[in-house]
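**Student:** One structure is given below, represented as structure tokens, and several questions about it will come after.
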Amino acid sequence: MRDEGAVMKKYKLRPCGDSAVTMVFGSGISPELNREVVRCLHALRRADVRGITELVPAYCSLTVHYDPLLLSYEELCGRINGLDCAEHAAEASSAELLTVPVCYGGQYGPDLASVAELCGMSEAEVVALHSAAEYLVYMLGFMPGFPYLGGMDERIAAPRLETPRVRIEAGSVGIAGKQTGIYPLASPGGWRIIGRTPLRLFDAASGETLCRAGMRLRFVPVSVEEFAELEASVC
Amino acid sequence: MLKVVSPGLLTTVQDDGRTGYQSRGVPVCGAMDRYALFAANILVGNDMNEPALEITALGPTLEFESANIFALAGGRFAAALDGAPLKPGRAYAAARGSVLTVGAAEDGFRAYVAVAGGLDAERVMGSAATCIAAGFGGYMGRALQTGDRIGMKAPRAWMSGMTRRETKLRYSAEPDIRVIMGPQDDLFSQRGKDIFLGSEYRLSGDCDRMGYRLDGRDIEYSPGNDGNIVSDGVAMGSVQVPSGKPIIMMADRQTIGGYAKIACVISADLPLLAQKRPGDSIRFREVSVMQAQESWRRLVRALRALEEDIAAEDIW
């Protein structure tokens with residue numbers, strides 16, 4: 001069936017098997033495209049369509065998972081095409097700003113020195129550039145609570161470690177290429193770890209995550225003492 | 001309680017997966033073969049998606065510390081209860097102290113042990129599926145080990161209609177696995193798509209709950225493209241092609257993927273895939289979304305018919 005609605009809309013609809021459909025808004029990474037995604041996410045959530053089981057935002061697409069016993073492919077496309085996502089522009093653009101306290105360097109940031117060296121600057125300069133930016137959370141994925149962040153200054157880009165670590169502690173803030181992120185759970189990994197946050201990015205019991213697609217985020221440097229205080233209050 | 005005398009190769013508590021949290025990066029997990037999970041539960045009078053034990057290749061040995069009714073459904077394993085051989089797809093009564101030895105898979109690769117009243121498993125975010133990667137859900141977020149004891153919520157020594165609690169799980173013997181093309185099939189050349197749909201692929205030794213890596217002919221991309229895409233959502237059965245060879249995303253897959261997906265296996269054929277073992281060959285066959293959804297409906301109708309049949313009252 002032709003999805004005629006999409007001709008006027010800003011997306012293409014593609015089946016992802018028989019129980020998911022992906023709304024494709026573009027093929028690049030930009031805050032504008034991501035706002036489209038988040039807008040439609042809000043619109044679909046509000047519409048509360050019976051049979052839709054999940055809405056998974058990504059950089060420039062939204063995957064709608066559904067139960068084919070409750071909703072056929074044609075019915076779902078009809079519902080999607082009938083939405084007015086522009087209604088939700090306000091929700092998408094007034095997105096929350098999350099501040100994340102980070103203790104940079106020392107025992108919490110074993111790779112801060114190597115990043116500084118690779119980028120030809122001091123550790124303090126790396127910290128300044130990392131914490132000056134306002135980041136956009138494009139989506140969560142890879143592991144529970146893990147935010148894909150956009151907006152890192154390219155001057156502090158550094159390649160992954162040649163030999164990944166066996167264990168990176170939860171809360172570790174790292175750099176891998178041009179990306180920066182925060183490990184929500186202890187895991188092996190090859191990111192260069194420049195600091196750690198005492199905040200919990202993911203709570204399995206409740207399913208709560210600190211970050212959400214469309215959120216803005218800033219890192220705020222804190223001292224070792226402040227880190228200890230915050231860590232105690234989080235537990 | 002059900003005591004684990006020996007754990008088998010990979011035995012985990014699974015239901016039909018954790019839905020509603022993929023946008024938070026939480027994988028769905030759940031049964032690799034939902035058809036067998038649903039059947040096992042129906043045989044013992046449970047809701048279809050009640051948590052059960054998923055068994056892989058070599059099954060566990062379990063001791064029933066309380067009497068209960070159980071069923072083993074899926075592939076055919078060399079199973080025995082107190083030494084007496086068991087038929088797959090049938091409910092049996094285990095006495096207190098009975099020992100169930102699931103044994104090795106003789107036909108197929110996975111099966112499910114469901115107990116009447118269900119397992120007392122850790123529900124996290126609404127599901128008892130085990131998320132091995134993040135370590136939560138099911139039984140302590142991990143595969144079973146010797147000495148583990150799993151609670152049974154409502155064990156019972158007998159159930160009515162035991163002679164009706166039997167079914168033949170007929171898996172297709174065809175090597176065909178039906179797929180819906182896309183969402184990134186446009187990144188592949190016509191020749192690439194023809195290769196994908198026309199060749200035989202073999203399950204490599206690198207096949208697990210996260211994904212199945214296949215051996216076979218390389219799939220060609222369209223000019224200017226390679227296997228990389230801007231990361232997007234994936235579904236169970238999505239066939240990613242990072243660099244020529246296909247990888248089928250399975251139950252424990254991550255929620256977001258950065259590789260081109262040429263097609264997606266249909267829901268009704270995922271149970272067939274779950275019963276394949278390393279070395280087995282498959283071929284992909286294209287179907288429409290409508291055909292795929294009709295096949296799934298047919299599968300669920302058959303299970304509902306079994307449920308009704310078991311629940312029917314005896315005439316005599």
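The values are calculated or read from the model by the stated rules, or taken from the named source; none is laboratory data. Please read all numbers here as calculations on a predicted model, not as lab measurements. Neighbour counts run over all protein chains shown; Cβ positions are idealised from the backbone, glycine included. Quick note on the areas: whole protein, heavy atoms, side chains included, nothing else; ligands and nucleic acids left out. Shrake-Rupley method; radii C 1.70, N 1.55, O 1.52, S 1.80 Å.
**Student:** Quick check on A:Arg216: is it closer than 24 Å to A:Leu62 by Cα, away from chain B (no Cβ under 14 Å) and surrounded by fewer than 18 Cβ atoms within 10 Å (Cβ to Cβ)?
**Tutor:** Taking the combined requirement at face value, the residue satisfies it.
**Student:** Which pairs have Cβ atoms under 8 Å, sit 6 or more apart or on different chains, and link a residue in the range A:25-37 that is over 15 Å from A:Thr63 (Cβ atoms) and of a type in the set (Ser, Thr, Tyr) to one that is open to solvent by 60 Å² or more (accessible area, probe 1.4 Å) and part of a helix (DSSP H, G or I)?
**Tutor:** Partner pairs satisfying both residue conditions: none exist.
**Student:** I'm told B:Met210 meets every condition in (1) within 24 Å of B:Ser295 (Cβ to Cβ); (2) in contact (Cβ under 8 Å) with a residue 40 or more places away in the chain; (3) within 14 Å of chain A (Cβ to nearest Cβ) except one. Can you identify the failing condition by its number?
**Tutor:** Of the numbered conditions (1) within 24 Å of B:Ser295 (Cβ to Cβ); (2) in contact (Cβ under 8 Å) with a residue 40 or more places away in the chain; (3) within 14 Å of chain A (Cβ to nearest Cβ), the odd one out for B:Met210 is (1).
**Student:** Mind checking whether some residue in the range A:102-114 is open to solvent by less than 20 Å² (accessible area, probe 1.4 Å), on the phi < 0 side of the Ramachandran plot, assigned to a strand (DSSP E or B) and within 14 Å of another protein chain (Cβ to nearest Cβ)? Can you show your working first?
**Tutor:** Initial filter on the range A:102-114 (open to solvent by less than 20 Å² (accessible area, probe 1.4 Å)): A:102-103, A:105, A:109, A:111-112.
With the extra rule that they be on the phi < 0 side of the Ramachandran plot, the set shrinks to A:102-103, A:109, A:111-112.
After this cut, where a residue has to be assigned to a strand (DSSP E or B) as well, the list is A:102-103.
Narrowing the set further to residues that are within 14 Å of another protein chain (Cβ to nearest Cβ) leaves none.
Checked against the condition, which is being open to solvent by less than 20 Å² (accessible area, probe 1.4 Å), on the phi < 0 side of the Ramachandran plot, assigned to a strand (DSSP E or B) and within 14 Å of another protein chain (Cβ to nearest Cβ), the range A:102-114 yields no hits at all.
**Student:** Which of the residues that make up the range A:39-75 are within 10 Å of chain B (Cβ to nearest Cβ), buried (at least 18 other Cβ atoms within 10 Å of the Cβ) and in a helix (DSSP H, G or I)?
**Tutor:** Result: A:Leu41, A:Tyr73.
Residue-wise test of (1) assigned to a loop (DSSP other than H, G, I, E, B); (2) acidic (Asp, Glu); (3) at pLDDT 95 or above; (4) open to solvent by less than 20 Å² (accessible area, probe 1.4 Å).
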| position | (1), (2), (3), (4) |
| --- | --- |
| B:Ala39 | no, no, yes, yes |
| B:Met48 | yes, no, yes, no |
| B:Ile55 | no, no, yes, yes |
| B:Glu63 | no, yes, yes, no |
| B:Ser66 | yes, no, yes, no |
| B:Phe70 | no, no, yes, yes |
| B:Ala73 | no, no, yes, yes |
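**Student:** How many of the residues in the range B:135-169 are within 14 Å of chain A (Cβ to nearest Cβ) and surrounded by 21 or more Cβ atoms within 10 Å (Cβ to Cβ)?
**Tutor:** 3
**Student:** Considering B:Met290, B:Met250, which residue is within 14 Å of chain A (Cβ to nearest Cβ) and either open to solvent by 20 Å² or more (accessible area, probe 1.4 Å) or not hydrophobic (A, V, I, L, M, F, W, C) (or both)?
**Tutor:** Working: B:Met250 fails: either open to solvent by 20 Å² or more (accessible area, probe 1.4 Å) or not hydrophobic (A, V, I, L, M, F, W, C) (or both).
After applying the criteria, what remains is B:Met290.
**Student:** Taking the condition free of Cβ contacts under 8 Å to residues at least 12 places away in the same chain and either over 30 Å from A:Gly145 (Cβ atoms) or open to solvent by less than 20 Å² (accessible area, probe 1.4 Å) (or both), does B:Arg304 pass?
**Tutor:** Judged against the criteria, B:Arg304 is a match.
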